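A.B. asks: Okay, here's the structure, questions in a sec.
The values are calculated or read from the model by the stated rules, or taken from the named source; none is laboratory data. Fair warning: this is a prediction, and the values are worked out from it, not measured in the lab. Reconstructed Cβ throughout: ideal geometry from the backbone, glycine too, with neighbour counts over all protein chains shown. The protein model used for the area step is the full one, side chains on, heavy atoms only, and it has no ligands, DNA or RNA in it. Shrake-Rupley method; radii C 1.70, N 1.55, O 1.52, S 1.80 Å.
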There are 2 protein chains.
Amino acid sequence: MVTADALKQIVGDDWVVTADDQTAPYKIDSTPPSMMPKAAEHIIVVKPATSEEISQILKLANEELTPVYVRGGGTGMAGAAIPTRDGIVLSMERFDKIEEIDTRSLMAVAQAGVTLGDLLEAADEHNMSFPPHPGDEGAQLGGLVVCNAGGARAVKFGVMRNYVKGMEVVLPTGEIVTMGGKLLKCNTGLPLMHLIVDSEGILGVVTKVTLRLYPRFPGTATMVISYDDRNDAINTVPAILQAGVIPLAIEYMDREIAELTANYLGMTWPAQQGKAYLIVILSGSNEDEVYSQAELVADVCQKYNAIDTLMAERREEQSDILKIRSEVQSAVSPNADSLDTAVPPGDIGIFMAEVDKIAEKYNTKIPVVGHAGDGNLHHILMKDIADRGILDEIKLEIYDVVMKLGGTLTAEHGIGKKSIKLLDRYTDERQKQIMRDVKKAFDPNNILNPDTAIVP
Amino acid sequence: MVTADALKQIVGDDWVVTADDQTAPYKIDSTPPSMMPKAAEHIIVVKPATSEEISQILKLANEELTPVYVRGGGTGMAGAAIPTRDGIVLSMERFDKIEEIDTRSLMAVAQAGVTLGDLLEAADEHNMSFPPHPGDEGAQLGGLVVCNAGGARAVKFGVMRNYVKGMEVVLPTGEIVTMGGKLLKCNTGLPLMHLIVDSEGILGVVTKVTLRLYPRFPGTATMVISYDDRNDAINTVPAILQAGVIPLAIEYMDREIAELTANYLGMTWPAQQGKAYLIVILSGSNEDEVYSQAELVADVCQKYNAIDTLMAERREEQSDILKIRSEVQSAVSPNADSLDTAVPPGDIGIFMAEVDKIAEKYNTKIPVVGHAGDGNLHHILMKDIADRGILDEIKLEIYDVVMKLGGTLTAEHGIGKKSIKLLDRYTDERQKQIMRDVKKAFDPNNILNPDTAIVP
């Protein structure tokens with residue numbers, strides 16, 4: 001095992017932490033507490049400042065077979081960042097520089113420890129935008145990339161993978177390599193960069209990323225559409241898209257979740273009526289364009305029996321609505337679990353109805369919130385379900401419905417350490433073997449984030 | 001070596017071809033003839049109809065260590081499909097069924113041998129669209145996916161990778177596996193599907209794909225903007241994007257290439273004036289939206305000294321312009337080589353100027369056409385350059401400029417068999433080793449498309 005002294009030789013005395021009270025925050029992330037894997041006892045936190053230092057740390061860890069856990073913003077919900085074996089937590093907090101906002105190539109080059117919030121701000125200062133919004137703005141870019149984060153605002157331009165154009169990575173064997181660049185097209189041999197995206201930190205330490213930016217769309221608007229009947233809300237979703245409007249986001253919220261979260265934040269949910277809501281975020285090259293899109297959306301919603309339509313145009317109003325939507329997971333905490341399934345977007349109505357039947361069968365309620373335009377729903381399993389000892393049963397019933405609909409167990413949160421058993425259950429043997437072999441190609445001694453994302 | 005008889009046992013007598021005159025068309029693709037690798041002599045062409053048949057063929061080939069080359073539309077330009085060792089060509093021509101155009105989930109499910117042309121037509125019939133247009137409409141979906149094709153119309157929503165949501169693959173060891181689905185978000189362990197995208201047919205045989213569709217945008221327009229000075233055209237590109245308009249495509253053409261291609265097709269290039277052209281394809285949720293975008297674009301172009309702006313709105317006019325742009329490679333054939341580099345989009349002006357200097361130094365002309373919005377240019381090296389024996393010199397000088405600008409050797413055509421030496425020259429040893437190990441994880445006996453995309 002690598003010692004604190006050896007690490008101090010690399011990064012200096014000030015950047016190695018061993019005291020229990022100081023390592024404690026590095027032993028948890030944003031996974032629901034009841035689902036969080038238990039951290040190991042003997043953890044050394046190291047805070048390197050350069051890729052060269054990370055290279056030295058990994059070489060040493062690789063020689064001494066010491067597990068290394070990369071730590072970003074700690075906003076992951078699948079326990080991937082939690083150090084489950086005695087070893088090193090490699091915190092990226094000092095990799096916090098945005099190196100460039102390139103307004104000619106519409107690209108950002110930033111160190112991996114930069115937060116989403118800082119990137120959004122820097123882009124805005126340069127009259128650019130970074131469309132996706134995967135929830136917590138404290139998330140770090142490296143984590144967003146290796147988790148292929150999604151969130152709201154993925155309907156139009158997609159998830160993180162679509163934005164990642166280049167990266168610098170320190171491999172578990174210590175080499176510092178670069179992949180891609182400020183390039184919108186790059187087909188040069190097997191796409192290792194796209195393996196790192198969504199690798200959940202098990203293939204390499206991402207130290208720098210190049211992300212595609214978009215212009216700051218001069219026109220934006222956020223609509224909140226109210227329905228008495230959830231099915232009407234759900235059926236509106238494909239109809240909006242079919243009408244030729246591609247919003248940045250089409251989100252769904254139950255009334256109780258919307259109000260609960262607004263209360264939690266000390267805010268007011270703007271819609272007065274209805275039991276089910278769609279939030280539609282529009283963007284365009286000017287205000288007229290957004291108005292005409294909003295009119296089209298309003299027409300479609302009316303056909304599907306919407307009872308009210310609010311449109312927020314001022315930036316603060318819009319960001320208040322997005323904030324309420326983004327903070328749902330915190331507001332319902334501590335819950336027993338938040339699911340992260342996706343089904344074909346056209347089938348979310350069927351899926352919701354099936355989950356309601358399951359809830360009824362077990363005499364409980366399973367509120368739901370989610371990215372309706374993406375088919376990605378978060379069913380929230382409240383604490384009473386765990387207390388009654390029926391959590392696993394209910395989850396498996398829901399997952400079976402998901403698989404029958406051709407869906408996925410985890411749409412955007414990833415497997416982490418939380419869902420290895422599910423991955424095992426629903427993946428064929430050959431693919432599991434290939435995943436293990438790919439891991440070995442990058443990390444022959446399995447030092448980087450063991451127990452994560454791979455069926456052993 | 002697997003025999004024709006053994007293959008006939010699997011697919012029936014009618015679907016195995018061995019006569020030289022009948023196998024000849026399977027020994028070439030669309031690579032410039034002077035760059036095309038030489039095919040092996042003894043080739044058996046097999047035309048399976050089901051994934052199960054492919055599984056049996058691969059199991060047999062894997063036992064007998066017989067090379068297998070998957071054949072799509074033969075539109076590749078890097079020689080990937082050419083059988084360079086005695087073995088089997090596995091033609092996908094019977095996998096020609098579109099299984100579903102799902103208008104609720106906005107997805108197409110189609111067999112891998114369906115052509116781009118057929119998909120575009122089917123989408124259109126359902127009032128949907130498939131935005132990208134990687135050139136030749138005879139390309140098959142499987143090929144488009146494993147080559148991560150780009151082409152025009154990738155500026156707004158990206159290259160093929162962004163559209164690929166699910167696939168069925170027969171692995172070289174014979175297992176039939178599925179990845180993804182009609183899912184806009186899917187993070188479940190290492191993203192093997194995104195390794196298959198851009199694997200150039202060396203990791204598995206894609207038999208079925210699920211592709212994201214978009215609505216048929218009610219408004220579309222194609223603008224041709226004329227300039228006297230190429231630099232003005234190039235400088236317009238980032239300015240259009242910064243103005244908040246994201247066209248489907250921003251293409252660049254020299255006058256001589258535009259006229260040459262129009263003549264070759266027996267058509268007329270619509271612009272009368274200027275020496276350099278931008279083609280801008282716009283889409284929107286209605287005609288007003290497209291008009292207002294077009295006005296913005298025209299304003300920007302005027303600021304950058306455009307001398308004329310044409311706008312085509314009728315579908316035929318628009319598709320004529322796109323056709324001239326798409327057929328450039330055929331029109332200039334047989335040329336010595338067509339390069340496929342990309343640089344950061346903001347730097348294409350610098351790049352073009354550097355290539356002009358190289359051309360001047362060698363006392364030749366190097367015309368250029370390309371996807372200006374993507375930074376992806378095709379410099380066309382005419383036959384005289386090869387005749388004078390200076391082809392390799394010129395190419396290496398151009399590649400060195402590309403690398404200095406942080407660009408890539410091949411943006412969309414791929415490595416294939418044509419560019420292995422370049423991949424070798426510009427890739428670090430550790431990444432080359434990982435690529436070999438990944439190949440081995442999928443294909444332990446190296447039967448699938450050997451000599452392609454991997455540095456041995």
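A.B. asks: Just for region B:177-209: of the residues that are β-branched (Val, Ile, Thr) and more than 9 Å from every other protein chain (Cβ to nearest Cβ), which one is farthest from residue B:81 (Cα to Cα)?
C.D. replies: Result: B:209.
A.B. asks: Just give me the residues in region A:369-421 being under 21 Å from residue A:146 (Cβ atoms) and among the charged types (D, E, K, R), in sequence order.
C.D. replies: Listed by number, the residues that qualify are A:374, A:412, A:417, A:418.
This table checks each residue for (1) aromatic (Phe, Trp, Tyr); (2) under 20 Å from the mean Cα position of the chain (by Cα); (3) more than 13 Å from chain B (Cβ to nearest Cβ).
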| residue | (1), (2), (3) |
| --- | --- |
| A:347 | no, no, no |
| A:350 | no, no, no |
| A:354 | no, no, yes |
| A:361 | no, no, yes |
| A:373 | no, yes, no |
| A:393 | no, no, yes |
| A:408 | no, yes, no |
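A.B. asks: Please determine, by comparing only the residues of region B:167-179 that are surrounded by 22 or more Cβ atoms within 10 Å (Cβ to Cβ) and without any contact (Cβ under 8 Å) to a residue 60 or more places away in the chain, which one is farthest from residue A:377 (Cα to Cα).
C.D. replies: Top of the filtered list is B:169.
A.B. asks: Looking at residue B:412 and the list (1) at the interface with another protein chain (Cβ under 8 Å from one of its Cβ atoms); (2) open to solvent by 10 Å² or more (accessible area, probe 1.4 Å); (3) in contact with a helix residue (DSSP H, G or I) (Cβ under 8 Å, 6 or more places away or on another chain); (4) within 30 Å of residue B:365 (Cβ to Cβ), which single condition is not satisfied?
C.D. replies: Checking residue B:412 against (1) at the interface with another protein chain (Cβ under 8 Å from one of its Cβ atoms); (2) open to solvent by 10 Å² or more (accessible area, probe 1.4 Å); (3) in contact with a helix residue (DSSP H, G or I) (Cβ under 8 Å, 6 or more places away or on another chain); (4) within 30 Å of residue B:365 (Cβ to Cβ), the one that fails is (3).
A.B. asks: Continuing with the same structure: Output the residue which, of all residues in region B:427-453 that are among the hydrophobic types (A, V, I, L, M, F, W, C) and within 7 Å of chain A (Cβ to nearest Cβ), is nearest to residue B:173 (Cα to Cα).
C.D. replies: B:442
A.B. asks: To continue, here is another question. Whether any residue in region B:94-113 is in a helix (DSSP H, G or I), at negative phi and open to solvent by 10 Å² or more (accessible area, probe 1.4 Å) is what I want to check.
C.D. replies: So far as region B:94-113 goes, no, none of its residues is in a helix (DSSP H, G or I), at negative phi and open to solvent by 10 Å² or more (accessible area, probe 1.4 Å).
A.B. asks: Out of the residues in region A:136-149 meeting the condition of being in contact with a strand residue (DSSP E or B) (Cβ under 8 Å, 6 or more places away or on another chain) and over 16 Å from residue A:169 (Cβ atoms), tell me which one is surrounded by the fewest Cβ atoms within 10 Å (Cβ to Cβ).
C.D. replies: A:138
A.B. asks: Would you check if residue B:257 is closer than 29 Å to residue B:330 by Cβ, touching a Pro at 6+ places or on another chain (Cβ under 6 Å) and more than 14 Å from chain A (Cβ to nearest Cβ)?
C.D. replies: Considered against the rule, which asks whether it is closer than 29 Å to residue B:330 by Cβ, touching a Pro at 6+ places or on another chain (Cβ under 6 Å) and more than 14 Å from chain A (Cβ to nearest Cβ), residue B:257 comes out as yes.
A.B. asks: Can residue A:306 be described as part of a loop (DSSP other than H, G, I, E, B), more than 27 Å from residue A:36 (Cβ to Cβ) and either free of Cβ contacts under 8 Å to residues at least 40 places away in the same chain or open to solvent by 20 Å² or more (accessible area, probe 1.4 Å) (or both)?
C.D. replies: Yes.
A.B. asks: Mind checking which residues of region A:216-245 are under 28 Å from residue A:124 (Cβ atoms), open to solvent by less than 10 Å² (accessible area, probe 1.4 Å) and either under 23 Å from the mean Cα position of the chain (by Cα) or hydrophobic (A, V, I, L, M, F, W, C) (or both)?
C.D. replies: A:221, A:222, A:223, A:224, A:225, A:240, A:245
A.B. asks: I'd like the full set of residues that are surrounded by fewer than 13 Cβ atoms within 10 Å (Cβ to Cβ) and in a loop (DSSP other than H, G, I, E, B), limited to region A:1-40.
C.D. replies: Once the filter is applied, which keeps residues that are surrounded by fewer than 13 Cβ atoms within 10 Å (Cβ to Cβ) and in a loop (DSSP other than H, G, I, E, B), region A:1-40 yields A:19, A:38.
A.B. asks: Which residue is nearest to residue B:242 (Cα to Cα), if the candidates are limited to region B:162-176 and must be facing chain A (nearest Cβ under 7 Å) and not polar (S, T, N, Q)?
C.D. replies: B:171
A.B. asks: Please find, among A:222, A:207, the residue that is within 21 Å of residue A:444 (Cβ to Cβ), touching a helix residue (DSSP H, G or I) at 6+ places or on another chain (Cβ under 8 Å) and outside any loop (DSSP other than H, G, I, E, B).
C.D. replies: A:207
A.B. asks: Among the residues of region A:284-300 satisfying the criterion of being in a helix (DSSP H, G or I) and of a type in the set (Gly, Ala, Ser), which is least open to solvent (accessible area, probe 1.4 Å)?
C.D. replies: A:294
A.B. asks: Just to be sure before I move on: is residue B:252 within 13 Å of chain A (Cβ to nearest Cβ) and either within 23 Å of the chain's Cα centre (by Cα) or open to solvent by 30 Å² or more (accessible area, probe 1.4 Å) (or both) in the structure I sent?
C.D. replies: no
A.B. asks: Mind listing just one residue for me: the one in region A:309-339 that is acidic (Asp, Glu) and assigned to a helix (DSSP H, G or I) and, of those, surrounded by the most Cβ atoms within 10 Å (Cβ to Cβ)?
C.D. replies: A:320
A.B. asks: A further question on this structure: Residue under question is residue B:44, and the condition is that it be touching a residue at least 40 places away in the same chain (Cβ under 8 Å), of a type in the set (Val, Ile, Thr), open to solvent by less than 30 Å² (accessible area, probe 1.4 Å) and under 24 Å from residue B:413 (Cβ atoms); does it hold?
C.D. replies: no
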